[in-house]
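This report refers to the structure that appears directly beneath it.
The values are calculated or read from the model by the stated rules, or taken from the named source; none is laboratory data. None of these values were measured; they are calculated from a predicted model. With ideal geometry, Cβ positions are generated from the backbone for all residues, glycine too; neighbour counts draw on all protein chains shown.
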Amino acid sequence: MGLEPVLNDIKEASKDEVSKIQQEADEEATRILDEARQKAKKIKGDRLLKAEEDIDNMRRQELSSAKLDVKRIILNVKKEMPDEVFDKALESLSHLSPEKNEEYLKTILDKQAENGTKVYSNKESEPIVKKLTSLEYAGNIDCVGGVIIEDEDGKVRLDYTYESILKEVNERSLKEISDILFG
């Protein structure tokens with residue numbers, strides 16, 4: 001037997017061994033790539049899930065913040081509206097017809113004149129007040145309308161100006177007004 005056939009046998013065995021190693025290497029490479037793809041897919045899925053959770057949390061925070069803003073706006077409106085109603089009512093009282101003003105002053109003076117000896121009013125109402133009561137006219141005051149009645153020594157002052165009456169009615173009726181305006 002010559003050297004040549006032995007060499008051929010070694011070459012064949014080597015080729016088979018190389019082929020086998022190559023196949024094992026290909027299988028190992030495929031397995032590693034599959035594992036890497038699976039890991040990448042899991043990482044991608046985890047990151048997507050995390051991103052969705054972050055988006056959901058941000059959405060909830062924004063919604064909560066928006067609800068707080070709406071509540072704050074509504075609260076401000078609830079505070080402002082009664083003030084606006086008060087201001088408009090006072091404005092209406094400042095533009096009363098002379099007949100209505102005289103009617104209101106007569107009602108006040110008829111009910112309260114016995115509680116004092118002096119009376120004050122605004123400049124516009126002075127002639128009407130003097131006509132409606134026997135109380136001493138003590139001077140003008142800065143008000144929309146109405147009167148202030150004072151006892152002889154000035155210790156007791158009863159404020160029946162339209163502003164004071166409206167303020168008292170407003171304070172007593174604030175809850176009812178809010179219920180009507182805001183339900």
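Restricting the stretch 121-166 to residues that are among the small types (Gly, Ala, Ser) and surrounded by 14 or more Cβ atoms within 10 Å (Cβ to Cβ) leaves a set whose member that is farthest from residue 103 (Cα to Cα) is 138. Every listed requirement among (1) in contact (Cβ under 8 Å) with a residue 24 or more places away in the chain; (2) part of a strand (DSSP E or B); (3) in contact with a helix residue (DSSP H, G or I) (Cβ under 7 Å, 6 or more places away or on another chain) is met by residue 163 save one, (2).
Okay, residues lined up against (1) in the same structural domain as residue 130 (by TED's automatic domain parsing); (2) closer than 30 Å to residue 145 by Cα:
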position	(1), (2)
33	no, no
39	no, no
43	no, no
63	no, no
68	no, no
71	no, no
74	no, no
90	no, yes
102	yes, yes
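Evaluate the following for residue 46: is it assigned to a helix (DSSP H, G or I), at pLDDT below 95 and under 30 Å from residue 181 (Cβ atoms)? No, not satisfied.
Remark: residue 128 falls outside the filter, which requires a residue to be closer than 21 Å to residue 91 by Cα, in contact (Cβ under 8 Å) with a residue 24 or more places away in the chain and either among the basic types (Lys, Arg) or not in a helix (DSSP H, G or I) (or both).
Per the listing 93, 75, the residue uniquely within 30 Å of residue 176 (Cβ to Cβ) and in contact (Cβ under 8 Å) with a residue 24 or more places away in the chain is 93. Could you grab me the full set of residues in the stretch 1-21 that are assigned to a helix (DSSP H, G or I) and surrounded by fewer than 10 Cβ atoms within 10 Å (Cβ to Cβ)? Residues satisfying the conditions are 3, 4, 5.
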